[in-house]
Amino acid sequence: MSHLATPVQMSRVFTHLLVKRIWWLSLLLAIWGCQGPLQKVEIEHAAMGTRFRIVAYHRNPQQVERAARLAMGTIDRIENICSDWKSDSEIRQLCRTAPSDYPVKASEELIEVLSRAIEISRVSGGAFDPTVGTLVRLWRRCQQAGRLPRLDELQRARQTIGIDGIVIDSDARTVQLLREGIAIDLGGIAKGYAVDAALKVMEAQGIKHILVDGGGDISLGFPPPDQEGWRLELQPAGVGNDTDSDRVIRVVIGSRGAVATSGDASRFVEIEGKRYSHILDPATGLGVPGPHAVTVHAADGTTADALATAISVLDEKEAGKLLDRFPGSSALLFDPVGGPPRVLGVFPGYPNH
Ligand code: ADP
Ligand code: MG
């Protein structure tokens, strides 16, 4: 019997060695990929009338891009659920069922964001109120006409307001709207909810060092590697002297959490010589007097966004009491004429500039 290999055997051995080599090569590449340098990746996306930005540090930029595409898809989905500007959004469709004798099926996200909105409305004594929609529309119409709403208009709009007009069954995933004309406006909370959701999607894809910014509503994952925290620059335009770079407040936020800013800088109207915000005081039905700006730090973006809107309505004492309900939360109240901000609670990394 000959010990010489036949050509067929030779080619098998060769193929075997080749496969083995490719296998080793892939393994080495994978190990190198895991230990390669961390790279900063930034991705932007237009949604909800603003620019969303995802900043992440990872060894594999392609993995970040794939995850970011999923996260941006989630933001678009939340916009289609919560938007007051899209007539076919889920919330607008739901509002068209009011007043309803029966509960209506709703998406998981709508149940969640609406439940959070109602909770913050309760603890803020109605300063934050997601049923303020009819007043918001009235205010927008009057803004275009350059006049204040008439008393009868305000009274009519007020009849549609109140969270007791919303019944949520989380287990059955339904919402029933009891009040005629109720208009739910999630404009003060939806962006915060969206940045939280995007952060969760990225984390589920294995990205840890991450920041999601929805035009000032920022949700934070773990800080950049080897850094003590995320360096954020806060300079709410429209209060004090915008061009004075000394007024930029630099904070370093250690781990996770969220920051949201509400203010009237780009969204105010002047009527009869007075400046009013696009944020309404549900008690008066009028825009909050401006200029004003507040930055809130809280455990998550949903809370920070809604609290920033609520605190825009409340006075300092009431704002402090509201923050007490959310352990670890804090706020910077910007001075309209440019002095240092008032600090409520312990704002992380401030003063630090
Ligand atoms: P922005 O989204 O402009 O950064 P906010 O988060 O404070 O600012 O949200 C403002 C939006 O919230 C308004 O455009 C309106 O849709 C809605 N809104 C206004 N007043 C209130 C209020 N008192 N409670 C809840 N939502 C409000
Ligand atoms: Mg808000």
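Considering only R150, R342, R137, the Gaussian network model of the chain with Cα springs below 10 Å gives its largest mean-square fluctuation to R150.
Note on segment 95-177: with charges restricted to the Cβ of Lys and Arg (+1) and Asp and Glu (-1), its dipole about the Cα centre is near 600 debye.
Pairs of Cα atoms nearer than 8 Å and 6+ residues apart set the relative contact order; for the chain it is 15 percent.
Hydrodynamic estimate: the Kirkwood radius of the chain over Cα pairs, inserted into Stokes-Einstein at 20 °C and 1.002 mPa s, corresponds to D of 95 µm²/s.
Between E272 and D335, take the C-beta separation as r, use R0 = 22 Å, and let me know the FRET efficiency to the nearest 0.05. So the FRET efficiency works out to roughly 0.35.
Summary value for segment 222-353: 26 percent relative contact order, contacts being C-alpha pairs under 8 angstrom separated by 6+ residues. When the chain is treated as a GNM with alpha-carbon contacts under 10 Å, the residue of K317, K86, K191 showing the greatest mean-square fluctuation is K317. For the chain, modelled as a GNM whose springs connect Cα atoms under 10 angstrom apart, the maximal fluctuation among Q63, Q144, Q205 occurs at Q144.
Taken per residue, the accessible surface of the chain reaches 52 Å², heavy atoms only and a 1.4 Å probe. Past the 26 Å Cα-Cα mark, which pairs from K274/K317; K40/K191; K200/K317; K86/K317; K191/K274; K86/K274? From the list (K274/K317; K40/K191; K200/K317; K86/K317; K191/K274; K86/K274), the Cα-Cα distance tops 26 Å for K200/K317; K86/K317; K191/K274; K86/K274.
E42 to R150: FRET efficiency via 1/(1 + (r/R0)^6), r the Cβ-Cβ distance, R0 56 Å, to the nearest 0.05? Efficiency, rounded to the nearest 0.05: 0.70. The share of accessible area on segment 95-177 that comes from carbon and sulfur is 48 percent, using a 1.4 angstrom probe. By its C-alpha gyration tensor, with a ≥ b ≥ c as the square roots of the eigenvalues, how is segment 222-353 shaped: rounded for a/c under 1.5, else prolate for a/b larger than b/c, else oblate? The shape class here is oblate. Cα centroid distance between segment 65-105 and segment 125-168, in Å? Segment 65-105 and segment 125-168 have Cα centres spaced 21 Å from each other.
Each Lys and Arg adds +1 at its Cβ and each Asp and Glu adds -1 at its Cβ; summed about the Cα centre, segment 222-353 shows a dipole of about 180 debye.
The values are calculated or read from the model by the stated rules, or taken from the named source; none is laboratory data. Quick caveat: nothing in here was measured; it's all calculated off a predicted structure. Reconstructed Cβ throughout: ideal geometry from the backbone, glycine too, with neighbour counts over all protein chains shown. Keep in mind that these areas ignore ligands, DNA and RNA; they rest on the heavy atoms of the full protein, side chains included. Shrake-Rupley method; radii C 1.70, N 1.55, O 1.52, S 1.80 Å.
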